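The values are calculated or read from the model by the stated rules, or taken from the named source; none is laboratory data. For clarity, every value in this text was computed on a predicted model and none was experimentally measured. Please note: Cβ atoms are built from the backbone with ideal geometry, for glycine as well, and neighbour counts cover all protein chains shown. Heads up: the accessible areas ignore ligands, DNA and RNA and are worked out on the full protein's heavy atoms, side chains in. Shrake-Rupley method; radii C 1.70, N 1.55, O 1.52, S 1.80 Å.
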Amino acid sequence: MNSICDMLGIKYPIFQGGMAWVANHAIAAAVSEAGGLGIIAAGNAPADWLRQEIRACKKITEKPFGVNVMLLSPYADEVAKVVAEEGVKVVTTGAGNPGKYMDLWKEKGMKVIPVVPSVAIAKRMEKGGADAVIAEGCESGGHIGELTTMVLVPQVVDAVNIPVIAAGGIADGRGFAATMLLGANAVQLGTRFLVAKECAVHEAYKERVLKATDIDTVVTGRSTGHPVRGLRNQLTRSYLQLEKAGTDLNELEQLGAGALYKAVVEGNVMHGAVMAGQSAGLVTKQQTSREIIEELMQELKEVMQLKMQQLDQEFYNL
Ligand code: TUI
């Protein structure tokens with residue numbers, strides 16, 4: 001059995017990324033029903049919103065699902081309590097150290113899976129009681145670290161004794177296979193699920209992702225210490241210009257505030273933050289979450305078998 005599937009009681013080792021303002025109960029339930037791990041993103045939302053979303057998810061699926069706690073949220077403390085109270089089985093965290101919530105969650109028997117951008121943080125999380133870690137490379141959309149998936153995943157795999165979920169730049173069976181070969185036990189995909197039929201993100205946002213090419217994402221906020229990857233538009237151009245001019249932090253934060261909501265909910269893809277990963281260029285069709293998951297599993301198998309046959313013929317004379 002796969003260690004992650006075993007631990008969480010899911011069929012396939014595929015997580016749907018906890019995308020702020022995007023990942024609500026509908027997509028989470030659809031992914032979990034299809035055998036993956038659906039994740040509701042708390043993002044910057046108040047705890048009461050999250051409570052309703054968790055309850056709505058349970059009405060649709062009896063399968064396990066997770067909640068992502070975004071640790072920069074002003075509501076993080078309340079959100080952490082709500083996930084414990086509502087009997088959520090799996091919690092993932094992003095954008096910080098979840099140490100102060102660990103006891104609360106572990107007492108409830110929850111599985112805690114932090115996102116980590118480096119080996120040092122992965123080790124710290126394991127020591128603090130994490131059940132697994134998501135090693136997320138900087139190919140990802142949204143808030144990112146420095147390292148690519150290709151180098152981060154094997155180093156984290158070597159450094160910890162808990163299962164590792166790979167994230168960042170994975171959008172099809174090839175990326176899935178590659179990260180499994182790097183030693184990951186499972187994968188997490190965000191950008192591919194952005195365009196899922198059950199995903200509530202604005203249609204204009206989906207269109208931008210579907211049309212994106214390999215070089216269409218940029219990273220803003222490197223100078224503020226909160227680097228964020230998204231699709232290039234008027235907002236990223238203004239932001240980068242202001243960063244170059246050495247604009248003060250407060251003014252930059254002002255420009256970023258509410259920008260994700262503007263794109264996700266209002267569909268303003270010119271002036272909002274259209275967060276997406278570098279894999280956007282690989283995402284070309286709208287499918288149901290079930291179709292995405294089944295295609296990934298099928299491709300994983302085909303890619304692995306085909307490559308083994310090729311290697312045998314080319315190098316091992318079999
Ligand atoms: O969290 C993400 N991606 C995100 S969060 C988000 S919403 C947002 N809201 C306000 C400001 C910025 C973003 C959009 N995308 N990914 C997981 C992730 N976690 N990436 C990097 C990290 C991370 C960074 C530092 C995790 C731990 C960490 O530790 C620092 C420490 O103090 O230990």
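The table that follows gives values for the structure above.
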read-out	value
Solvent-accessible area, 1.4 Å probe, carbon plus sulfur percent, for segment 3-200	52
Segment 203-278 - percent of accessible surface contributed by carbon and sulfur, probe 1.4 Å	53
Per-residue HN-Hα couplings for segment 14-24 [Karplus 6.51, -1.76, 1.60; θ = phi - 60°; Hz; x = Gly/Pro]	10, 9, 8, x, x, 8, 4, 6, 10, 7, 9
Fraction of beta bridges assigned by DSSP in segment 56-185 that are antiparallel (%, nearest 5)	0
Positive-end residue, the chain charge dipole about Cα centroid, Cβ charges, pick of ALA80, THR284, MET102	ALA80
Count of lysine pairs in segment 191-318 with Cα separation under 26 Å (8 or more residues apart, or interchain)	13
Cβ charges +1 (Lys, Arg) and -1 (Asp, Glu), total dipole of the chain, debye	220
For LEU37, distant residues with modelled amide H under 5 Å away	ILE14, PHE15, GLN16
Dipole magnitude of segment 92-138 about its Cα centre (Cβ charges: Lys, Arg +1; Asp, Glu -1), debye to nearest 20	100
Dipole magnitude (debye, nearest 20) for segment 195-318, charges at Cβ of Lys, Arg, Asp, Glu	280
Calculated [θ] (222 nm, deg cm²/dmol) that DSSP helices of n ≥ 4 give over the chain, each run adding -39,500 (n - 2.57)	-12500 deg cm²/dmol
Candidates LYS211, LYS123, LYS244, ranked by Gaussian network fluctuation over the chain, Cα under 10 Å, top entry	LYS244
Solvent-accessible heavy-atom area per residue, rounded to whole Å², over the chain at 1.4 Å	46
Proximal aspartates and glutamates to LYS108, defined as alpha-carbon separation beneath 13 angstrom and excluding residues fewer than eight positions away on the same chain	GLU85, GLU86
Positive-end residue of ASN250, GLY230, VAL133, charge dipole of the chain with Cβ unit charges	ASN250
Options ILE165, PRO154, PHE315, ranked by Cα towards positive dipole end of the chain, top entry (Cβ charges)	ILE165
With 20 Å bins from 0: P(r) over the chain, alpha-carbon pairs, percent	34, 59, 7, 0
Reachable aspartates and glutamates from LYS89, criterion Cα separation under 20 angstrom, eight or more residues apart if same chain	ASP6, GLU33, ASP48, GLU53, GLU62, ASP77, GLU78, ASP103, GLU107, GLU126, ASP131
